[in-house]
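Enquirer: This is the structure I want to talk about, given as structure tokens.
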Amino acid sequence: MDNVSWKRIQKLRQSYLDAQGYLPDYWQDDELLQAYDETLAQRIRWKWRAVLEGLPVDLQDLPPTIVDWGCGTGGATRELLSRDESQSHFKHILFLDRSSRAVKFASQKVKVEYPNISIQAKKGDEPYLLLVSHVFSELPAEELKKLLPLLSRAKFILWVESGRRLESRRLSALREDLRATHEFLAPCPHQGLCGMLVPAQEENWCHFKAPVPREVHHSAFWRECSKQL
């Protein structure tokens, strides 16, 4: 990437780190989306890879319809699709994002990489797998309420956030809201109150580290990315 793209990614990353609950739509053009997809989105995909490798159900048990909420460049969906060895299980994808530019970008990426999958314009009545990725740093409480119906109707939910305390504790609180409608598979399979929400645990939080792919350590691009970011 050129110096201009690196500077834009640096600015975007800092806005994520500084966010206190809401960010305006920052997808100004496809060039920024592409730069993000090559850098920050790839690092998020490493997290998704770790989650999917540890998933206690077979991919074939998941619904063939994917709803990717707050999709960005569609990295979560594309990582999931890359795990489908048969390339035939998942049939339909609905990308949802406040940015129509991001939805279009993610849809085009999937059309190129997985041309047999149908991109939907709206959700039907079929069971669906809901993917949510790294949204809490810019998701105010009133916007979360709008997401709850989609959560409650989902057959399966896969949700990945950053390992920071604020996002983790918000996710633990949301887990509590979903106890009445969903069975928890991972990372905590128990169906009781999250241990982080009991008294005297206010300063603690649940988080895991995703391994960096081995090939990254031998990549000139990722050395440059590490230096820039």
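The values are calculated or read from the model by the stated rules, or taken from the named source; none is laboratory data. These numbers were taken from a predicted model, which means no experiment stands behind them. Positions of Cβ are generated from backbone atoms using ideal geometry, with glycine treated the same way; all protein chains shown enter the neighbour counts. Just the protein is used for accessible areas: all its heavy atoms, side chains included, with ligands, DNA and RNA removed. Shrake-Rupley method; radii C 1.70, N 1.55, O 1.52, S 1.80 Å.
Enquirer: I'm checking my understanding of the structure. Among residues of the range 173-208 that are more than 22 Å from ALA141 (Cα to Cα) and aliphatic (A, V, I, L, M), which one is surrounded by the fewest Cβ atoms within 10 Å (Cβ to Cβ)?
Expert: ALA200
Enquirer: What are the residue pairs meeting all of these: first residue in the range 130-145, first residue closer than 24 Å to LEU62 by Cβ and touching a residue at least 40 places away in the same chain (Cβ under 8 Å), second residue β-branched (Val, Ile, Thr) and assigned to a helix (DSSP H, G or I), Cβ atoms under 7 Å, and 6 or more apart or on different chains?
Expert: Sorted first by the residue in the range 130-145, then by its partner, the pairs are LEU131/THR77; SER133/ILE44; HIS134/ILE44.
Enquirer: To continue, here is another question. Please specify each residue of the range 12-30 satisfying the condition of being surrounded by fewer than 13 Cβ atoms within 10 Å (Cβ to Cβ), within 18 Å of the chain's Cα centre (by Cα) and closer than 15 Å to SER99 by Cβ.
Expert: Scanning the range 12-30 gives TYR22, ASP25.
Enquirer: Give the residue, chosen from LEU52, LEU62, that is in contact with a Leu (Cβ under 6 Å, 6 or more places away or on another chain) and not polar (S, T, N, Q).
Expert: Answer to the check: LEU62.
Enquirer: Same structure again: Is it the case that some residue within the range 113-126 is under 20 Å from GLY75 (Cα atoms), in a helix (DSSP H, G or I) and out of contact with any Ser or Thr (no Cβ under 9 Å at 6 or more places or on another chain)?
Expert: No, every residue in the range 113-126 fails to be under 20 Å from GLY75 (Cα atoms), in a helix (DSSP H, G or I) and out of contact with any Ser or Thr (no Cβ under 9 Å at 6 or more places or on another chain).
Enquirer: Among the residues of the range 31-51, how many are open to solvent by less than 50 Å² (accessible area, probe 1.4 Å), out of contact with any strand residue (DSSP E or B) (no Cβ under 8 Å at 6 or more places or on another chain) and either closer than 24 Å to GLU183 by Cβ or part of a helix (DSSP H, G or I) (or both)?
Expert: Qualifying residue count, the range 31-51: 11.
Enquirer: Taking the condition of being part of a loop (DSSP other than H, G, I, E, B) and open to solvent by 40 Å² or more (accessible area, probe 1.4 Å), how many residues in the range 58-74 meet it?
Expert: The total comes to 2.
Enquirer: Next question. Tally up the residues in the range 127-138 that are among the hydrophobic types (A, V, I, L, M, F, W, C) and assigned to a helix (DSSP H, G or I), please.
Expert: The total comes to 1.
Enquirer: Are there any pairs, at least 6 apart or on different chains, whose C-beta atoms fall under 7 Å, with the first in the range 39-52 and within 18 Å of TRP222 (Cα to Cα) and at pLDDT 95 or above and the second buried (at least 21 other Cβ atoms within 10 Å of the Cβ) and small (Gly, Ala, Ser), and if so, which?
Expert: Pairs that qualify, where the first residue is within 18 Å of TRP222 (Cα to Cα) and at pLDDT 95 or above and the partner is buried (at least 21 other Cβ atoms within 10 Å of the Cβ) and small (Gly, Ala, Ser), are ALA41/GLY72; ALA41/GLY75; ILE44/GLY75; ILE44/SER133; ARG45/GLY75.
Enquirer: Just a yes or no: is a residue in the range 75-84 closer than 23 Å to LEU229 by Cβ, hydrophobic (A, V, I, L, M, F, W, C), buried (at least 20 other Cβ atoms within 10 Å of the Cβ) and under 15 Å from the mean Cα position of the chain (by Cα)?
Expert: yes
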